[in-house]
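Below is one structure, written out as C-alpha cells; comments come after it.
The values are calculated or read from the model by the stated rules, or taken from the named source; none is laboratory data. Nothing here was measured: the structure is a model prediction, and the numbers come from that model. Here Cβ is always computed from backbone atoms with ideal geometry, including for glycine, and neighbour counts include all displayed protein chains. With ligands, DNA and RNA removed, areas are computed over all heavy atoms of the protein, side chains included. Shrake-Rupley method; radii C 1.70, N 1.55, O 1.52, S 1.80 Å.
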Amino acid sequence: MLDLTGKVVLVTGGSRGIGAATVRTLAAVGASVIVHYGRSEQQARSLVEEVGGEERAAALGADLAQPGAGAALFREAVAWRGRVDVLVNNAGIAPTVTVDDPDEAWADTWAQTLQVNLVAVADLCREAVRHFRTRGGGTIINVASRAAFRGDNPDAMHYAASKGGVIALTRSIARGYAREGILAYAVAPGWVRTDMAEGYLREHAADLARDIPMGDVVPPEEVAHTIAFLASELARHMTGATLDLNGASYVR
Ligand code: NAP
C-alpha cells in the first residue's frame, strides 16, 4: 500500500542512525532520496550505492552548525531533480551540559544545540514552504523527541528545549500553510538504538528496562516506517500531528 514512487525526498542526517534507516525504507517503497550528511560522507555515499546508486539517490554534505547551511542545502537538493516533494528534518545532536558547568560550556552547548536542532530546521522548513508553494504543496516531517513533552534529564535541558521548539514550529507550519497544500508532521521517539543513544543505553540498561513498559528501546526502523507512512499522504488530514514512538514510556 505504501508507494512513494516518483517522490523526491530530502533526509537530513541520512548518513547514520534513524536517518539511514529512513533512507532505506523510503527507497524500498520507491522514493528517490537525497542523503544529507555532515561528517559521515563515506557512510552517505555507501548508502547511496546500497539503495540503487545515482539513479535513485544522491549524497549532499552540509554542516548544519553553520548559520545559513540549511537553506543552502535545500536549494542544492532542489537542483538534483528540479524539485523536492518531502523534507525530513532528522539531523540532530545531543551534547550534555549542566547548570554546574562553566559559563562558556553552558553558552556554547545551548547555542550549538539550538542552531543544529532548531534554527537549521527552521531554515530548511522556510525554504521548503517557499518551494512547495510554487508546486501546489509538499510535506515536512520533523524528528522531535519525547523530551519535547516530558522534559529531559538535567544535563539535556537544551536538547528538550530545542525539540519543544521543533514541535511548535511544525504545528505552526501545519496551521499556516495547509490551505496551500503544505503538510507538516512531527515524530517524537523515546530512546532509539543509534550512536546518539549508545552510551546512555549501555550505562542505564536496567533502568530503561524498568522505565519502558515494552521492555526495550525503539528500533530505528520503526521511526523510519512512521516517516514513510507520513510521507505517503495516506492520511493527509493528520497534518499538525505528532506521532509518539516510545514503548509506552510516556503516553500523552
Ligand atoms: P545519530 O545516530 O547520532 O545521527 C545523527 C545524524 O545527524 C547523523 O546523520 C549526523 O550526520 C547528523 N548531524 C549531526 N550534527 C550535524 C551537523 N552539524 N551537520 C550535519 N549533520 C549533522 O542520531 P539519531 O539517534 O539517528 O538521531 C536522529 C534524530 O532523532 C535527531 O534529531 C535526534 O535528536 C532524534 N532522536 C533520537 C533519539 C535516540 O534515542 N537516538 C530519541 C529521540 C529523538 P554526520 O554523521 O554525517 O555528521
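If I model segment 8-245 as equal point scatterers sitting on the Cα atoms and use the Debye formula, what is log10 I(q)/I(0) at q = 0.10 Å⁻¹?
Relative scattering, expressed as log10 I(q)/I(0), comes to -0.43.
Across bins of 10 angstrom width beginning at 0, how are the C-alpha pair distances of segment 112-252 distributed, in whole percent?
12, 39, 33, 13, 3, 0
In whole Å, what is the distance between the alpha-carbon centres of segment 64-84 and segment 170-245?
23
Quick one: with all protein chains in place, what share of the accessible area of the chain is carbon or sulfur, to the nearest percent (1.4 Å probe)?
The C+S portion of the solvent-accessible surface of the chain is 49 percent.
How much accessible area per residue does segment 8-245 have, counting only protein heavy atoms and a probe of 1.4 Å, in square angstrom?
Dividing the accessible area of segment 8-245 by its residue count gives 45 Å².
Pulled fully out, how much extra length does the chain show between R39 and R179, if you take 0.36 nm times their separation in residues and subtract their Cα-Cα distance?
Stretched out fully, the R39 to R179 stretch lengthens by 46.6 nm.
Using only protein heavy atoms and a 1.4 Å probe, report how much of D216 is accessible, in Å² to the nearest 10.
Counting only protein heavy atoms, D216 exposes about 80 Å² to solvent.
Taking loop as defined by DSSP and a crowding limit of 10 other beta carbons within 10 Å, which trypsin sites (Lys or Arg not before Pro) in segment 114-155 fit?
Passing sites in segment 114-155 do not exist.
Quick check: net charge around A178, other residues with Cβ under 14 Å of its Cβ, Lys/Arg +1 and Asp/Glu -1? Can you show the working numbers first?
Working: positive: R133, R171, R175, R179, R236; negative: E180, E233.
My count for the surroundings of A178 gives +3.
Using the Cα centre as the reference, give the magnitude of the dipole from point charges on the C-beta atoms of the chain (Lys, Arg: +1; Asp, Glu: -1; all else neutral), rounded to the nearest 20 debye.
1200
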